[in-house]
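Trainee: The structure is given below, and queries will be raised subsequently.
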Amino acid sequence: MGRTGGRVKIGVLVFVFLAVCVVVGVVTWHLTRRSYQNDASANLSPKKTEIRLGNSIIKENLKVEMKRGTQNVLTGQLWSDHLRPNEVKWKKTGDKQGIAEWPRDRRLELTFREEGGIPCYQLNWQVTVGMETVLTDCWDIGEAHWYGGYEDYYQPWPLEKSSKNMSAFVPHDSYQKHLGGVQERYFISSKGVGVYIEDDVPLFVSINASNDNRVCLQSKYEKYPYQNFRKRLPSLNYHICVSTNIKLIHDYMIRTFIKLRPSGIPDETMFRKPIWSTWAQYHKDINQSFVIDFADNILMNNFTHSQLEIDDDWTPKYGDMDFNVKKFPNPKGMIKQLNDKGFRVTVWLHPFFNIDSQAFIEAASKFYLIKEFDSLQPALTSWWDGKLAGIIDATNLEAVEWYLNKTKFLQDTYNISSFKFDAGEVNWLPLVYSGNFDVPREYTRQWAKLAYRSDTNVRHQEVRVGARSQDLPIFVRMLDKDSNWDYTNGLKTLIPTALTFGILGYPFILPDMIGGNAYHRHPEKELYIRWMQANTFLPSLQFSIVPWQYDDEVINLTRHYIKLHDDYTDTIIRLAKEAVDTAAPIIRPLWWVAPTDEVALTIDSEFLLGNDILVAPVLDSGARSRDVYLPEGQWKDELRGDIKQGGWHRKYRAELHELPYFTRKMN
């Protein structure tokens with residue numbers, strides 16, 4: 001009994017001890033769990049929250065709604081990566097800022113400010129660990145129309161009319177179907193939304209890719225084109241601002257973020273009189289006698305001229321900046337002869353030095369070419385006139401001075417008056433190189449600056465690239481157009497390209513050659529005439545395909561439209577000077593005067609010269625009429641002489657010799 005009772009007591013004690021341990025364990029587990037949850041919440045674990053800043057909501061899953069009043073103007077999804085968690089808890093650091101963090105991954109800082117009644121949101125993503133991390137935010141296009149960004153081979157207007165897959169946002173030769181050589185990290189929508197992305201972001205963009213009805217911004221470092229010399233972690237830092245309409249948001253974004261305006265205007269003669277280029281007419285088959293004949297025919301047919309441009313191929317080797325004496329036995333005498341006939345003479349230049357040129361040897365020995373990675377040796381690239389070439393380092397001040405001395409030699413020795421600068425896009429750089437620039441488009445900006453420095457007094461040079469170079473008072477040329485009627489880089493892209501240049505801050509538009517470049521086909525008579533009409537009210541005229549190769553009707557119409565352009569040149573120059581003061585484009589979309597008009601927001605076959613002259617050229621083969629849309633108000637029909645009310649005017653008659661245009665009637 002004693003021994004049995006002892007066992008019972010021991011069993012009871014063990015049971016009590018175990019029970020106490022279980023209770024203590026449960027309590028400890030419960031308290032630890034609560035503590036862990038509190039710690040996790042403190043470290044922004046996925047407790048569902050949302051943040052409100054201004055009139056916008058960012059939800060726990062990073063879906064965003066931006067409103068103007070009660071109306072949604074923009075919705076989107078931040079951080080579109082299904083492999084990483086999206087849900088976050090926001091830490092609001094004040095009425096105007098919120099922060100979200102994913103430890104050892106990424107961080108998002110959202111800042112709100114309001115200026116002059118316009119709310120702006122800065123979204124600043126920063127990767128904290130992992131150089132290979134890709135940041136992507138996508139915004140819904142919805143029913144809005146989007147504009148801006150870049151020159152394009154198909155040049156949609158608005159942008160959502162076409163589909164653009166994710167592409168590096170650096171200046172590129174648009175003839176290769178990439179984003180073009182004139183571009184800014186700036187977009188606006190018909191809902192009054194403006195987007196600006198900071199310069200140091202390694203930016204990729206897609207618009208309506210695979211018809212997904214979204215605009216996506218992406219940041220990542222890759223071997224090309226963002227080589228990341230400084231070993232930075234990716235960031236995606238951009239601004240979204242909202243106003244009541246597209247015109248107001250455009251004005252605000254240009255003033256607040258682009259900030260650059262032309263410092264002056266180009267040579268007025270280039271506005272008034274046409275350029276005549278040898279390129280499309282002769283291509284590389286030029287020589288001294290052809291150039292003299294070209295000039296004589298211009299004069300014989302009573303055409304005016306601002307300058308005669310000698311294009312590819314006038315040098316001994318590509319890169320040698322002197323005349324090929326086999327083709328031009330007496331260049332000094334030739335240019336004097338042209339000067340005596342009243343012509344200024346310009347020549348074609350580029351940044352390339354083929355390896356068989358004397359200039360390549362000189363530039364390489366002085367280390368003036370873009371170099372191989374971590375080396376002093378020149379990095380070789382290919383371009384349309386050479387498989388192996390060096391390319392001038394436009395960011396090297398000594399190299400720029402050396403190059404400009406070559407241009408001065410041409411000016412001093414032959415009386416070359418100015419230059420047509422070709423290329424300058426990032427895609428012509430070697431795939432791997434060393435450079436003094438971490439942002440690729442800095443090369444493009446410096447090439448444009450070099451071009452300006454070649455002729456700072458008269459300013460009758462031209463470039464075909466623009467990237468943060470709106471301040472330069474020079475003409476910016478559209479990339480080569482093809483001789484066709486459609487949207488494959490043909491006539492129908494002429495107006496959308498001019499409109500895009502204008503809203504990106506490049507008002508001094510040099511349209512490509514009338515009739516196109518005749519690469520794949522020669523422009524037929526009708527296409528040539530309609531192209532000339534579409535070009536008449538643009539800032540400058542450029543001929544190469546010559547009108548006298550057609551017939552007397554084309555010759556007479558060419559004289560007529562050169563004269564019509566000249567009649568409005570005072571207006572164009574006044575608008576050019578206005579651009580210096582206000583950054584307003586010379587060539588404007590219809591929504592400039594009707595910012596909430598759905599037709600004005602989408603029409604891509606009409607444009608405004610200033611606010612009061614509307615031009616509606618015929619752009620279809622065989623057409624002798626077109627539908628014309630006039631914004632609200634009264635407009636004088638300059639062809640017929642009567643007054644028309646705003647709205648559609650269907651099947652407006654326009655014979656082959658006629659260009660429909662209208663002037664606003666003031667009350």
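The values are calculated or read from the model by the stated rules, or taken from the named source; none is laboratory data. Just so it is clear, the structure is predicted and the values come from calculations on it, not from any experiment. Cβ sites come from the backbone with ideal geometry, for glycine too, and all protein chains shown count toward neighbours. Just the protein is used for accessible areas: all its heavy atoms, side chains included, with ligands, DNA and RNA removed. Shrake-Rupley method; radii C 1.70, N 1.55, O 1.52, S 1.80 Å.
Trainee: Check Phe373 against each of (1) farther than 19 Å from Pro316 by Cβ; (2) of a type in the set (A, V, I, L, M, F, W, C); (3) open to solvent by less than 80 Å² (accessible area, probe 1.4 Å); (4) touching a residue at least 60 places away in the same chain (Cβ under 8 Å) and name the one condition it does not meet.
Mentor: Tallying (1) farther than 19 Å from Pro316 by Cβ; (2) of a type in the set (A, V, I, L, M, F, W, C); (3) open to solvent by less than 80 Å² (accessible area, probe 1.4 Å); (4) touching a residue at least 60 places away in the same chain (Cβ under 8 Å), Phe373 fails exactly one: (3).
Trainee: Filter the range 251-270 down to the residues that are under 20 Å from the mean Cα position of the chain (by Cα) and in a helix (DSSP H, G or I) and list them by number.
Mentor: Those that are under 20 Å from the mean Cα position of the chain (by Cα) and in a helix (DSSP H, G or I): Asp251, Tyr252, Met253, Ile254, Arg255, Thr256, Phe257, Ile258.
Trainee: Something else: Given the condition of a type outside the set (Phe, Trp, Tyr), touching a strand residue (DSSP E or B) at 6+ places or on another chain (Cβ under 8 Å), surrounded by fewer than 18 Cβ atoms within 10 Å (Cβ to Cβ) and over 30 Å from Phe373 (Cβ atoms), answer yes or no: does some residue in the range 216-228 qualify?
Mentor: No: zero hits.
Trainee: Another question, if that's okay. Hey, among Ser469, Ser434, Ser418, which residue is surrounded by fewer than 21 Cβ atoms within 10 Å (Cβ to Cβ) and among the hydroxyl-bearing types (Ser, Thr, Tyr)?
Mentor: Going through Ser469, Ser434, Ser418 in turn, just one is surrounded by fewer than 21 Cβ atoms within 10 Å (Cβ to Cβ) and among the hydroxyl-bearing types (Ser, Thr, Tyr): Ser434.
Trainee: State yes or no: is Thr571 within 27 Å of Pro473 (Cβ to Cβ), surrounded by fewer than 21 Cβ atoms within 10 Å (Cβ to Cβ), hydroxyl-bearing (Ser, Thr, Tyr) and out of contact with any His (no Cβ under 9 Å at 6 or more places or on another chain)?
Mentor: Values: within 27 Å of Pro473 (Cβ to Cβ): yes; surrounded by fewer than 21 Cβ atoms within 10 Å (Cβ to Cβ): yes; hydroxyl-bearing (Ser, Thr, Tyr): yes; out of contact with any His (no Cβ under 9 Å at 6 or more places or on another chain): yes.
Yes.
Trainee: Give the residue that is nearest to Leu601 (Cα to Cα), with candidates limited to residues of the range 120-160 that are more than 25 Å from the chain's Cα centre (by Cα) and in a strand (DSSP E or B).
Mentor: Within the range 120-160, the match that is nearest to Leu601 (Cα to Cα) is Gln126.
Trainee: If you check Leu299, Leu248, which single one turns out to be open to solvent by 50 Å² or more (accessible area, probe 1.4 Å) and under 23 Å from the mean Cα position of the chain (by Cα)?
Mentor: Matching residue, one of Leu299, Leu248: Leu248.
Trainee: Right, another one. Residues of the range 546-592 being under 17 Å from Met300 (Cβ atoms) and not in a helix (DSSP H, G or I), which ones?
Mentor: Val546, Tyr550, Asp551
Trainee: Can you name every residue in the range 472-495 that is open to solvent by 10 Å² or more (accessible area, probe 1.4 Å) and within 16 Å of Gln533 (Cβ to Cβ)?
Mentor: Trp485, Lys492
Trainee: Just need a number here: residues in the range 256-295 that are touching a residue at least 60 places away in the same chain (Cβ under 8 Å), open to solvent by 60 Å² or more (accessible area, probe 1.4 Å) and of a type in the set (D, E, K, R).
Mentor: Residues in the range 256-295 being touching a residue at least 60 places away in the same chain (Cβ under 8 Å), open to solvent by 60 Å² or more (accessible area, probe 1.4 Å) and of a type in the set (D, E, K, R): 4 in total.
Trainee: Another question, if that's okay. Can you tell me which residues in the range 619-667 are charged (D, E, K, R), under 33 Å from the mean Cα position of the chain (by Cα) and farther than 27 Å from Pro523 by Cβ?
Mentor: Glu632, Arg664
Trainee: Pairs needed: first member in the range 547-572, of a type in the set (Asp, Glu); second member anywhere, buried (at least 17 other Cβ atoms within 10 Å of the Cβ) and part of a helix (DSSP H, G or I); C-beta distance under 7 Å; at least 6 residues apart or different chains.
Mentor: The qualifying pairs are Asp566/Arg272.
Trainee: All but one of (1) open to solvent by 10 Å² or more (accessible area, probe 1.4 Å); (2) charged (D, E, K, R); (3) within 23 Å of Asn405 (Cβ to Cβ) hold for Asp311; state the number of the condition that does not hold.
Mentor: Condition not satisfied by Asp311: (1).
Trainee: Still on this structure: Of (1) modelled with pLDDT of 95 or more; (2) in a strand (DSSP E or B); (3) open to solvent by 10 Å² or more (accessible area, probe 1.4 Å); (4) not hydroxyl-bearing (Ser, Thr, Tyr), Arg107 satisfies all except one. Which?
Mentor: Exception for Arg107: condition (1).
Okay, residues lined up against (1) of a type outside the set (Val, Ile, Thr); (2) closer than 28 Å to Ser56 by Cα; (3) in contact with a Phe, Trp or Tyr (Cβ under 7 Å, 6 or more places away or on another chain):
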site: Ser162; (1), (2), (3): yes, no, yes
site: Tyr196; (1), (2), (3): yes, yes, yes
site: Val205; (1), (2), (3): no, yes, yes
site: Ser210; (1), (2), (3): yes, no, no
site: Lys231; (1), (2), (3): yes, no, no
site: His239; (1), (2), (3): yes, yes, yes
site: Thr244; (1), (2), (3): no, yes, no
site: Lys247; (1), (2), (3): yes, yes, yes
site: Arg255; (1), (2), (3): yes, yes, no
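Trainee: Next question. The conditions are (1) of a type in the set (Ser, Thr, Tyr); (2) modelled with pLDDT under 95; (3) not in a helix (DSSP H, G or I), and Tyr175 fails exactly one of them. Which is it?
Mentor: Here Tyr175 clears every test but (3).
Trainee: A follow-up question, please. Residues in the range 496-525 that are in contact with a Ser or Thr (Cβ under 6 Å, 6 or more places away or on another chain), open to solvent by less than 10 Å² (accessible area, probe 1.4 Å) and either modelled with pLDDT under 95 or over 24 Å from Gln281 (Cβ atoms) (or both): how many?
Mentor: 0
Trainee: Residues Thr413, Thr407, Thr488, Thr444: which one is touching an Asp or Glu at 6+ places or on another chain (Cβ under 9 Å), of a type in the set (Ser, Thr, Tyr), over 21 Å from Asp313 (Cβ atoms) and assigned to a helix (DSSP H, G or I)?
Mentor: Thr444
So that you can scan it fast, the table gives a plain yes or no per residue for (1) crowded, with 21+ Cβ neighbours inside 10 Å; (2) in contact with a strand residue (DSSP E or B) (Cβ under 7 Å, 6 or more places away or on another chain); (3) free of Cβ contacts under 8 Å to residues at least 60 places away in the same chain; (4) aromatic (Phe, Trp, Tyr):
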| site | (1), (2), (3), (4) |
| --- | --- |
| Lys577 | no, no, no, no |
| Thr596 | no, no, no, no |
| Val628 | yes, yes, yes, no |
| Lys636 | no, yes, yes, no |
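Trainee: Exactly one condition in (1) over 15 Å from Gln183 (Cβ atoms); (2) in contact (Cβ under 8 Å) with a residue 12 or more places away in the chain; (3) not in a helix (DSSP H, G or I) is false for Gly505; which is it?
Mentor: (1)
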